[in-house]
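Quick notes on the structure that follows.
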Amino acid sequence: MVIIQRVVLNSRPGKNGVPVAENFRMEEVTCPDIITEGQVKVRTLYLSVDPYMRSRMNEDTGRDYFIPWQLSEVVDGGGIGVVDYSKYANLSTGDIVGFFNWPWQTKAILDGKLLQKLDPQLVDGHLSHFLGAAGITGLTSLLGIKDKGHVIPGANQTMVVSGAAGACGSLAGQIGRLEGCSRVVGICGTDEKCSIFVSEMGFDAAINYKKENVSEQLHKLCPTGVDVYFDNVGGDISDAVVSQMNSNSHIILCGQISQYNKDVPFPPPLPPAVEEIRKARNITRERFLVLNYMDKQAASILQLCHWIKEGKLKVGTESIHFSYRWGKSIVILNK
Ligand SMILES: NC(=O)c1ccc[n+]([C@@H]2O[C@H](COP(=O)([O-])OP(=O)(O)OC[C@H]3O[C@@H](n4cnc5c(N)ncnc54)[C@H](OP(=O)(O)O)[C@@H]3O)[C@@H](O)[C@H]2O)c1
Ligand SMILES: *[C@@H]1O[C@H](CO)[C@@H](O)[C@H](O)[C@H]1NC(C)=O
Ligand SMILES: *[C@@H]1O[C@H](CO)[C@@H](O)[C@H](O)[C@H]1NC(C)=O
Ligand SMILES: *[C@@H]1O[C@H](CO)[C@@H](O)[C@H](O)[C@H]1NC(C)=O
Ligand SMILES: *[C@@H]1O[C@H](CO)[C@@H](O)[C@H](O)[C@H]1NC(C)=O
């Protein structure tokens, strides 16, 4: 038996509450030495911290595709680790594997057939990319744009991205450009992040929603209106963007992070006046869930890795141990 550390859910913030560190608890437990046929023993390397996890802190997630975390039980999410010992035919010691329901613990015994074997060469050894630009985050940005964005190369389209300094947003702006948008404007909450995505990630302009009037800035920065809106946040920011969208334009309904601490359905309806505008201008706002596109996963990951290698897709510096800066939030264990 070895002693391992794990993170369990200690309490729930409540459907209308802001999560606090005390909602989680670290504890030590023992992990058996013996594994049975089909199992592998893994050492955790990286864990992804994601907005959807807020709904898993509730007793009822309000979504049929996520189950709630249970009190005093280990929490889980996207993770990557290395195989220490295997009794599953298709995996051997040293293999790098990923799983969407990786337990937040230093070591674990998992069912081999559930794990995805990852090729480190695809990401030039930057394994954490498999949780970011070369993982669910990159897939969300790419497939959201491809399936819901209606980007037409040469059509001189303007794209606006909210949550633009986040993991999905910073990629979405760059991919929007690669797919053919001619102007990309991002919205985020600090001047530092605004300047990074303009100077390093090829966005044309940025709006700091905490300091500037979003409607006025959009009017200035998108003189021909908005054709594609990659929406990560919802709320007032999105109301301002939708009001400046063109006829027959498209919202990519990626997420609504500004609403996640509120007890509202997903996706939350637009306020009546904004919904009127949306209908009158025939603006699409369809549900998008990356998990419904897993048949496109392999080819899309190859595309994303190719762009990263070519330097066409810049990947945000990872934040570790919750010191959030920009790009993907990842916890690193065992390093
Ligand atoms: N549809 C899907 O399949 C799918 C898959 C993955 C993710 N998502 C969604 O995509 C969105 C972004 O996820 P991510 O992984 O990129 O998250 P992330 O890296 O944590 O980024 C989230 C960003 O949102 C901004 N933000 C936080 N609270 C906000 C508020 N109240 N108002 C405005 N902005 C706020 C933050 O930056 P600032 O404070 O600087 O604004 C942050 O950069 C989330 O809504 C998530 O649920 C959807
Ligand atoms: C191992 O992988 C092969 C090819 O991907 C597959 O056909 C086979 O079922 C796998 N074996 C097990 C035990 O899952
Ligand atoms: C493209 O749009 C910009 C405004 O975003 C406008 O200034 C420019 O004239 C347009 N170009 C063409 C070729 O339509
Ligand atoms: C932003 O500017 C618009 C147009 O000038 C104005 O109607 C609105 O009240 C302003 N919003 C805020 C929050 O100041
Ligand atoms: C409304 O938008 C949809 C989807 O883009 C399009 O198929 C349809 O032709 C549009 N309707 C009108 C009246 O333009």
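General remarks:
- Of the criteria (1) within 19 Å of Arg56 (Cβ to Cβ); (2) within 16 Å of ligand 3 (Cβ to nearest atom), which one Gly255 fails: (2)
- For segment 226-247, the set of residues classified as in contact with a strand residue (DSSP E or B) (Cβ under 6 Å, 6 or more places away or on another chain) and not in a loop (DSSP other than H, G, I, E, B) consists of Val226, Asp227, Val228, Tyr229, Phe230, Asp231, Ile237, Ser238, Val241, Met245, Asn246, listed by residue number.
- Residues located in segment 287-305, provided they are touching a residue at least 12 places away in the same chain (Cβ under 8 Å), under 16 Å from Phe130 (Cα atoms) and away from ligand 2 (no atom under 16 Å from the Cβ): Val290, Leu291, Lys296, Ser300, Ile301, Leu302, Gln303, Leu304, Cys305
- Boolean, Tyr46 is in a loop (DSSP other than H, G, I, E, B) and more than 19 Å from Lys262 (Cα to Cα): no
- Every residue from segment 202-241 that is within 24 Å of the chain's Cα centre (by Cα), more than 15 Å from ligand 4 (Cβ to nearest atom) and surrounded by fewer than 23 Cβ atoms within 10 Å (Cβ to Cβ): Gly202, Asp204, Ala205
- Count of segment 40-64 residues which are more than 18 Å from Lys15 (Cβ to Cβ) and among the hydroxyl-bearing types (Ser, Thr, Tyr): 3
- Of the residues making up segment 231-251, those that are hydrophobic (A, V, I, L, M, F, W, C) and within 9 Å of ligand 1 (Cβ to nearest atom) are Val233, Ile237.
- Looking only at residues of segment 96-109 that are out of contact with any Asp or Glu (no Cβ under 9 Å at 6 or more places or on another chain) and surrounded by fewer than 21 Cβ atoms within 10 Å (Cβ to Cβ), we find that the one that is modelled with the highest pLDDT is Ile109.
- Which numbered condition Lys193 fails, given (1) modelled with pLDDT of 95 or more; (2) more than 16 Å from ligand 5 (Cβ to nearest atom): (1)
- Selection count, segment 71-83, where residues are part of a strand (DSSP E or B) and either within 16 Å of ligand 1 (Cβ to nearest atom) or surrounded by 15 or more Cβ atoms within 10 Å (Cβ to Cβ) (or both): 9
- Being in contact (Cβ under 8 Å) with a residue 60 or more places away in the chain, surrounded by fewer than 24 Cβ atoms within 10 Å (Cβ to Cβ) and in the same structural domain as Gly235 (by TED's automatic domain parsing) holds for only one residue in Asp124, Asp147, and it is Asp147.
- Filter pass, Pro223 being part of a loop (DSSP other than H, G, I, E, B) and touching a Gly at 6+ places or on another chain (Cβ under 9 Å): no
- Here segment 270-298 is the region considered, the condition is being under 18 Å from the mean Cα position of the chain (by Cα) and part of a helix (DSSP H, G or I), and the residue that is surrounded by the fewest Cβ atoms within 10 Å (Cβ to Cβ) is Ala298.
- A single member of Ala134, Ala172 is buried (at least 20 other Cβ atoms within 10 Å of the Cβ), within 17 Å of the chain's Cα centre (by Cα), more than 15 Å from ligand 3 (Cβ to nearest atom) and part of a loop (DSSP other than H, G, I, E, B), and it is Ala134.
- In segment 13-45, the residues that are without any contact (Cβ under 8 Å) to a residue 60 or more places away in the chain and crowded, with 16+ Cβ neighbours inside 10 Å: Asn23, Phe24
Residue-wise test of (1) touching a strand residue (DSSP E or B) at 6+ places or on another chain (Cβ under 7 Å); (2) within 16 Å of ligand 5 (Cβ to nearest atom); (3) assigned to a strand (DSSP E or B); (4) modelled with pLDDT under 95.
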residue: Ser249; (1), (2), (3), (4): yes, yes, yes, no
residue: Ser300; (1), (2), (3), (4): no, no, no, no
residue: Gln303; (1), (2), (3), (4): no, no, no, no
residue: His306; (1), (2), (3), (4): no, no, no, no
residue: Tyr324; (1), (2), (3), (4): no, no, no, yes
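- Verdict on Arg6 being within 15 Å of Ile109 (Cα to Cα) and among the basic types (Lys, Arg): yes
The values are calculated or read from the model by the stated rules, or taken from the named source; none is laboratory data. Here the structure is a predicted model, which is why all the values come from computation and not from measurement. When we count neighbours, we look across all protein chains shown, and the Cβ atoms used for this are built from the backbone with ideal geometry, even at glycine.
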